[in-house]
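The values are calculated or read from the model by the stated rules, or taken from the named source; none is laboratory data. These figures come from a predicted structure and were not determined experimentally. Note that each Cβ is placed from the backbone with ideal geometry, even for glycine, and that neighbours are counted across all protein chains shown.
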Amino acid sequence: MNDLMEYDRIHEECGVFGIYAPVGENVSKDIYYGLLALQHRGQESAGISVSDTAGPKGNIETVKEMGLVSEVFTEENLDRLRGNIGVGHVRYSTTGGSSLNNAQPIAMNYIKGSLALVHNGNIVNADRIKQEQMYRGQAHFSSSDSEVLAYEIISERVRSDSIEKAVSGAALKLKGGYAVIVMSPRKLIAMRDPFGIKPLVLGKKGAAYILASESAAIEATGGELIRDVLPGEVITITREGIQSDRALCQEKKAHCAFEYIYFARPDSVIDGISVYDARFRAGQALAKRDLCTQPADFADRIDLVAGVPDSGLVAAEGYAHVLGKPYASVFHKNSYIGRSFIKPTDQERKNAVHMKLRPLKTVVSGKRILLIDDSIVRGTTMSEIIKELKRAGAREVHVRISSPPFLHPCFYGTDVPSTHQLIASAHSSGEVCRQIGADSLAYLQIEDFDHMAGELPLCKACFDGKYPVQ
Ligand code: SF4
């Protein structure tokens, strides 16, 4: 998390993937392709565990390392991972939690067998559960709540007669937003938090079943989406097929709104809503509001509509569609910079915008631009972007944000920073507009989420402070 653009972004903490294929097939390449498709959800570490359901019980092979999926896995180590059942993980962490100890899958042997676990999200009562475990004499080797979860499943398993009952038993104690996949030597089990805060989908490729954070990861393997794992549902996949335990399913749901705005890929479908469509509609809602609230000649004073790559692009298309103005690419994005391990100075952090996004001078010169981005966190990136556009000759830059102002932290596994670091928590929209050097600024309104996601109940806690799970 070195440069300014990374520093000034909200990050998802993880992506999970699991597959159960018929005996004799090898799933490691499918997991690899699934993880590549989930790379945007976490770039700090990557890992895969596989097992052979016809082989000796308890034999789990794991490879996990710090780095991108393409850096961690090679032909050689993928070749060593042989089996027809497996799980994979990509992780993003805050600086303090970035270590191989916290990388996943977590693979463990215990008195009744072995398991490997991958987890996206945050168990908000993990500290209390961890304390109980420590009083029972349990040592912990990482600072992650995923390890706490693995131990809880193991201690339930010691008392119950199947791994799926152990997972359901552990789920009763958990509070938070989570999507978890557990591999036992013969079964693949998935569970999603009762509010459905974190996404988790079920798909199929031939005779293999796939579980993943996003449908795009299933499609990356050549498979297809079947449905979402229901909020609160525990799914067990065995040789005989699929079983569903819905004991924890509840009426009240709260799917993370920011998945649609920023985290998820636009080619994913989450809880029945296409991420692309949701972003397009957010852009439309912004434009409709401008047409109602801005002076009558506002549209005439805009020459073109553009988005900040990547997650502002689709909203910009939606905005342009309503305003009847041309949509244009105003940046060339250098996608090859990747992460740098060279510790940057403050000036170098600022230069990252300069290196990553280059304005297209012939497009922007002399133009009044309506620019859309998904969010403003600290405001530093947007301020640099506007400077770059104006240096390239843009006459005016009007900024629209396809989410409401960030005012509150997230406790469900997303690194929305603490309130004092959020520019909108201490400054009015007019002040933020002046600080970033925009000619005007407006945000999506909370009510506009209804237009974006229809009837789907959303968690909007980082915008309105109403947390579904305390
Ligand atoms: S608080 Fe914000 S980022 Fe966190 S789950 Fe809710 S909507 Fe998503």
Can you name the residue in the stretch 72-86 that is out of contact with any Ser or Thr (no Cβ under 6 Å at 6 or more places or on another chain) and assigned to a helix (DSSP H, G or I) and, of all such residues, is surrounded by the most Cβ atoms within 10 Å (Cβ to Cβ)? VAL72
In the stretch 102-125, which residues are out of contact with any His (no Cβ under 7 Å at 6 or more places or on another chain), buried (at least 21 other Cβ atoms within 10 Å of the Cβ) and in a strand (DSSP E or B)? ILE106, LEU115, ALA116, LEU117, HIS119, ASN120, GLY121, ASN122, ILE123
Looking at the stretch 399-426, which of the residues that are in contact with a helix residue (DSSP H, G or I) (Cβ under 8 Å, 6 or more places away or on another chain) and without any contact (Cβ under 8 Å) to a residue 24 or more places away in the chain is farthest from the ligand (Cβ to nearest atom)? ALA426
Any hit, the stretch 239-252, residues being within 16 Å of the ligand (Cβ to nearest atom), at pLDDT 95 or above and either more than 23 Å from SER51 (Cβ to Cβ) or of a type outside the set (Ser, Thr, Tyr) (or both): yes
If ALA438 satisfies all but one of (1) assigned to a loop (DSSP other than H, G, I, E, B); (2) within 13 Å of the ligand (Cβ to nearest atom), what's the number of the condition it fails? (2)
Taking the stretch 295-323, which residues are part of a loop (DSSP other than H, G, I, E, B) and in contact with a strand residue (DSSP E or B) (Cβ under 6 Å, 6 or more places away or on another chain)? ILE302, ASP303, VAL308, PRO309, GLY312
Looking at (1) away from the ligand (no atom under 16 Å from the Cβ); (2) over 21 Å from MET66 (Cβ atoms); (3) of a type outside the set (S, T, N, Q); (4) touching a residue at least 24 places away in the same chain (Cβ under 8 Å), find the lone condition where PRO194 falls short. (1)
Report yes if some residue within the stretch 388-396 is surrounded by 19 or more Cβ atoms within 10 Å (Cβ to Cβ) and closer than 30 Å to VAL469 by Cβ; otherwise report no. no
Give me the residue from the stretch 145-186 that is in a loop (DSSP other than H, G, I, E, B) and in contact with a Gly (Cβ under 7 Å, 6 or more places away or on another chain) and, out of that set, nearest to PRO105 (Cα to Cα). SER184
Within the stretch 191-213, how many residues turn out to be out of contact with any helix residue (DSSP H, G or I) (no Cβ under 9 Å at 6 or more places or on another chain) and outside any loop (DSSP other than H, G, I, E, B)? 2
Please enumerate the residues belonging to the stretch 429-448 that are within 18 Å of LEU291 (Cα to Cα) and either in contact with a Lys or Arg (Cβ under 9 Å, 6 or more places away or on another chain) or of a type in the set (Phe, Trp, Tyr) (or both). ASP439, SER440, LEU441, ALA442, TYR443, LEU444, GLN445, ILE446, ASP448
